[in-house]
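The values are calculated or read from the model by the stated rules, or taken from the named source; none is laboratory data. Every value quoted in this text rests on a predicted model; they were computed, and no experiment measured them. Glycine also receives a Cβ, built like all others from the backbone with ideal geometry; neighbour counts cover every protein chain displayed. Each accessible area value is taken on the protein alone, full model and side chains, heavy atoms only, with ligands, DNA and RNA left out. Shrake-Rupley method; radii C 1.70, N 1.55, O 1.52, S 1.80 Å.
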Amino acid sequence: MPGIIERYRDRLPFAPEDPVVSLEEGSTPLILAERLSEKAGVEVWLKIEGANPTGSFKDRGMTCAVSAAVREGAQAVICASTGNTAASAAAYAARAGLRGAVIVPEGKIATGKLAQALMHGARVVALRGNFDEALKLVRQLVERHPISLVNSVNDFRIEGQKTAAFEIVEALAGELDALCIPVGNAGNITSFWKGFQELGYAPRMCGFQAAGAAPLVHGKPVEHPETVASAIRIGNPARWEEAMNAMTSSGGAVRAVTDAEILTAYRFLASTEGVFCEPASAASVAGLLTHGAGEGVRRVVCVLTGHGLKDPQTALEHAGAVVPCDPELAAIERAVLE
Ligand code: F0G
C-alpha cells in the first residue's frame, strides 16, 4: 500500500508535485476482538496502530509534518516527546536527510523508543523535567531558530492522523457507534474527530486518561503527572479545547483509568487476543471495560496507539517468568509439560 499522503492526497494539504517523505505508513489492521467483545458486552474492533513503520500512530502525522518541513526548506526538525513522537520524528528526519532533535523527560521514556531515536541519528536531549516543560521550551526555541516543530501543535500532524478515521470508516462502511482512545497531549483524538467529521460521521468519542495524569478529567492541569503508561504522562495537553469539543459534541466523555486497570487490559489483549500493545494504548480498552462506551452502543473501535515492543521493561515486569531447564530430555519434558 502507498503511504497516507499518496492514498488520501485529495483530502490532505499536498499538491501532486510536492515532496513526499514516507515510510508507507497507514493501512494498519482493524481486527475483530472476539474475547474482548464477550467481556465488554459490545462488538469490539481493534485498530492496530502499532503496525505503522516506527510502531505507533505518530507516523501518519509525521509523514505530513516532515514532508511539509521539506517543502518549506527546513534544515532541521524538533519535538518534545514522551517517546513515540521522538522515534517517529527521528526516523522521518533521517529519511528526509534533515537533522532531528528530540527532547524527552529524563528517565521517563520506554527503552525501545529511546533506542529508535538514537539509532535514527537524532540529537536526543534528556530534560530534567516532564513532557509539559519540554513542550513549553521547544515552542520557545523554534521562535528563535529556523527549526520546524513537529509536535501535534503542528496542524500537519492532525491532518495526517485523521487518516486513521478514514480507514476505519472504509473498513466498517461507517458502521461504528463509538471510538475509545487514550488521550495524552490530545492531538490524536482531535485528529480522529476531524477525520470522522470530514466524512460526515460522528461516533461517540470516548477519551481515556491515566488516573495520575488526567487533567481533562479534573478540568485543570496536573503539575506532577504520574503513570505506568509513560506515553501519556502529560499534565497540560496542548489540544485541550479541541479534545473536549470532540468528546462533548459527539456525546462522548473523558474518563480516568487506573494503572492497575491499564495493566489488566494490557495483559488481557496480549494473552487472549494475541495483540501486544504498549501500556498507554491499553488505556482505550481499560476505559471501555471500566466505564463502557455509553447507552445503545453496539459496535466500538478501540485505538491501540503503539506496539508492545516499545516498552519491553514494563512487559517483563508484568508477564510470567521464564522456565529454566537443563539440556536433558527428562528435564525438558518436565519443563514443557508440567
Ligand atoms: N498512545 C501512545 C502510545 C502515545 O505515544 C501517545 C502520545 C498517546 C497515546 C496520546 O496521544 O498525545 O495525541 O493524545 N504520545 C506523545 C509522544 C505525547 O510524545 O510520543 P495524544
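Extension gain, residue 329 to residue 125, is 68.4 nm, computed as 0.36 nm per intervening residue step minus the present C-alpha separation. Placing a label point 7 Å from the Cα of residue 30 along the Cα-to-Cβ direction, the residues of region 163-194 whose backbone N falls under 15 Å of that point are 163-181, 192-194.
What accessible area per residue comes out for region 223-338, rounded to a whole number of Å², with a 1.4 Å probe? Show your work: numbers first, answer last.
Numbers: 5800 Å² over 116 residues.
Accessible area per residue, region 223-338: 50 Å².
Sorting 267-276, 208-217, 50-59 by average packing, meaning the other beta carbons within 10 Å per residue, from highest down gives 50-59, 208-217, 267-276.
How much accessible area per residue does region 6-52 have, counting only protein heavy atoms and a probe of 1.4 Å, in square angstrom?
Values: 2390 Å² over 47 residues.
Accessible surface, normalised per residue, equals 51 Å².
Taking the accessible area of region 58-154, probe 1.4 Å, and keeping the other protein chains in place, the carbon and sulfur fraction comes to 50%. Take region 58-154 with all the other protein chains still there, run a 1.4 Å probe, and you get 42 Å² of accessible area per residue.
Here the ratio of the Cα radius of gyration of region 1-138 to 2.2 N^0.38 Å is 1.17. Within the chain, antiparallel bridges make up roughly 15 percent of the DSSP beta bridges whose residues both belong there.
Taking every Cα-Cα distance in the chain and sorting them into 10 Å bins starting at zero, the pair-distance distribution P(r) comes out as 6, 27, 35, 22, 7, 3, 0 percent.
Each stretch of four or more DSSP H residues adds -39500 (n - 2.57); spread over every residue of the chain, this sum gives -12000 deg cm²/dmol at 222 nm. Charged neighbours of residue 293, selected by a Cβ distance under 12 Å, balance to +1 (K, R count +1; D, E count -1).
So how do 22-32, 63-73, 187-197 stack up, highest first, on mean other-Cβ count within 10 Å? If you can, show how the numbers build up before the last one.
Details: 22-32: 18.9, 63-73: 22.8, 187-197: 24.9.
Descending mean neighbour count gives 187-197, 63-73, 22-32.
With q set to 0.13, 0.25 Å⁻¹, the log10 of I(q)/I(0) for region 58-154, from the Debye formula over equal scatterers at the Cα positions, is -0.35, -1.36.
Among complete DSSP H helices in the chain, those whose alpha-carbon atoms stretch at least 15 Å along the helix's long axis and whose mean Kyte-Doolittle hydropathy reaches -1.0 are 58-71, 84-96, 131-144, 187-198, 279-291.
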